[in-house]
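> For reference, the structure I am asking about is given below.
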Amino acid sequence: MDWLRSRYSTAIDVLTTKRTLYIGSIGAACAFAGTWLPQIEWNGRRIFDIPTWALWVIVALAALLLIAFDYCHRQRVALEPKINTSFDQYDTGVVQSPVVYKDDKDKLLYETTATYVRIKVEASSVAVKECWAFLTRIEKLVSGRFVSIPLPNALPLTTPVIYVPAKVPRTIDFLQSLASNNQLTLAGSWPLTLRNAFDQHTTYRSKIAVVAEHVTSDICVDVMWAGKWDAITAIQHFPGDKKVT
């Protein structure tokens, strides 16, 4: 019974309204052609001297071909990786977490607390086996306008690459501030050229590119830094939004 039930479900999925319209349209066209084409003559001879059953065979083959093509197209689209990036300060966007430092012998050196600013990445259709995230641009608000902070290159935020299951969100950190030093820095490792990049108390705009199997999703986040590690606020910046935070 399970075998029949699964095949029945597949058949219902294949015979959608659109595909039924394909069959009906082709059938109507061939019925019209089967009625009128044999009546067309040239110099007393029929141009389309084709049996009616042959026309209906052509109808069936054409309908099956269209159904197979449409079904394969839907399956290909469904299996393509699709990623969504988002940011919400109140939904894992800005979090505080303990940080433990140990030496090579796994001996505790000291413990502190940090605030992390992170984006959310979701795979909406199928799992993404290899996902990269890069910080591609940093700007800071100076006198009412954003000024670019030079980057030596796009900075990787995921080392190693991460696995994103379907419909199970993953988060990627890009900024952090430790309670022990009360400084805003990039998460993870970063070049020395950015050592003093976040010294000013202002708004910093970060542009992040998330790449997953030839699909790229960009996101911009404005982070308001007031010089306190536990008072960081942030909001997602959308293209065309001229509001300065």
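The values are calculated or read from the model by the stated rules, or taken from the named source; none is laboratory data. Note that the coordinates shown come from a computational prediction; the quantities given were computed from them, not determined experimentally. Positions of Cβ are backbone-derived with ideal geometry, glycine not excepted, and every protein chain shown enters the neighbour counts.
> Quick one: Asn153 ticks every box in (1) more than 14 Å from Ile172 (Cα to Cα); (2) assigned by TED's automatic domain parsing to the domain that holds Asp222; (3) in contact (Cβ under 8 Å) with a residue 12 or more places away in the chain except a single one, so which number is it?
(3)
> Go through the range 138-192 and count every residue that is in contact with a Cys (Cβ under 8 Å, 6 or more places away or on another chain) and part of a strand (DSSP E or B).
Of the residues in the range 138-192, 4 are in contact with a Cys (Cβ under 8 Å, 6 or more places away or on another chain) and part of a strand (DSSP E or B).
To keep it simple, each residue is scored yes or no on (1) within 27 Å of Val215 (Cα to Cα); (2) at pLDDT 85 or above; (3) not in a strand (DSSP E or B).
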position: Ala29; (1), (2), (3): no, no, yes
position: Phe32; (1), (2), (3): no, no, yes
position: Asp49; (1), (2), (3): no, no, yes
position: Ala60; (1), (2), (3): no, no, yes
position: Ala68; (1), (2), (3): yes, no, yes
position: His73; (1), (2), (3): yes, no, yes
position: Asn84; (1), (2), (3): yes, yes, no
position: Pro98; (1), (2), (3): no, yes, no
position: Ala114; (1), (2), (3): no, yes, no
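One line per residue, one yes/no per condition, for (1) in contact with a Leu (Cβ under 8 Å, 6 or more places away or on another chain); (2) surrounded by fewer than 14 Cβ atoms within 10 Å (Cβ to Cβ):
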{"residue": "Thr85", "(1), (2)": "no, no"}
{"residue": "Pro98", "(1), (2)": "no, yes"}
{"residue": "Ala123", "(1), (2)": "no, no"}
{"residue": "Cys131", "(1), (2)": "no, no"}
{"residue": "Leu135", "(1), (2)": "yes, no"}
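> Let me ask something else about it. Cβ-Cβ under 6 Å, sequence separation 6+ or interchain: first residue in the range 174-194 and assigned by TED's automatic domain parsing to the domain that holds Asn153, partner surrounded by 15 or more Cβ atoms within 10 Å (Cβ to Cβ) and of a type in the set (D, E, K, R). Which pairs?
So the pair list comes out as Ala187/Asp173.
> Further question on the same structure: Check off (1) touching a residue at least 40 places away in the same chain (Cβ under 8 Å); (2) under 30 Å from Lys82 (Cα atoms); (3) more than 22 Å from the chain's Cα centre (by Cα) for Arg118 and give me the number that stays unchecked.
Unmet condition: (3).
> Being among the β-branched types (Val, Ile, Thr) and exposed (fewer than 13 other Cβ atoms within 10 Å of the Cβ): is that true of Thr193 here?
So Thr193 fits the description; yes.
> Give the range 142-164 a look and list any residue that's more than 24 Å from Leu192 (Cβ to Cβ) and either among the aromatic types (Phe, Trp, Tyr) or buried (at least 18 other Cβ atoms within 10 Å of the Cβ) (or both), or say none.
Ile162, Tyr163, Val164
> Do we find that Ala166 is closer than 17 Å to Phe134 by Cβ and in the same structural domain as Thr136 (by TED's automatic domain parsing) in this structure?
no
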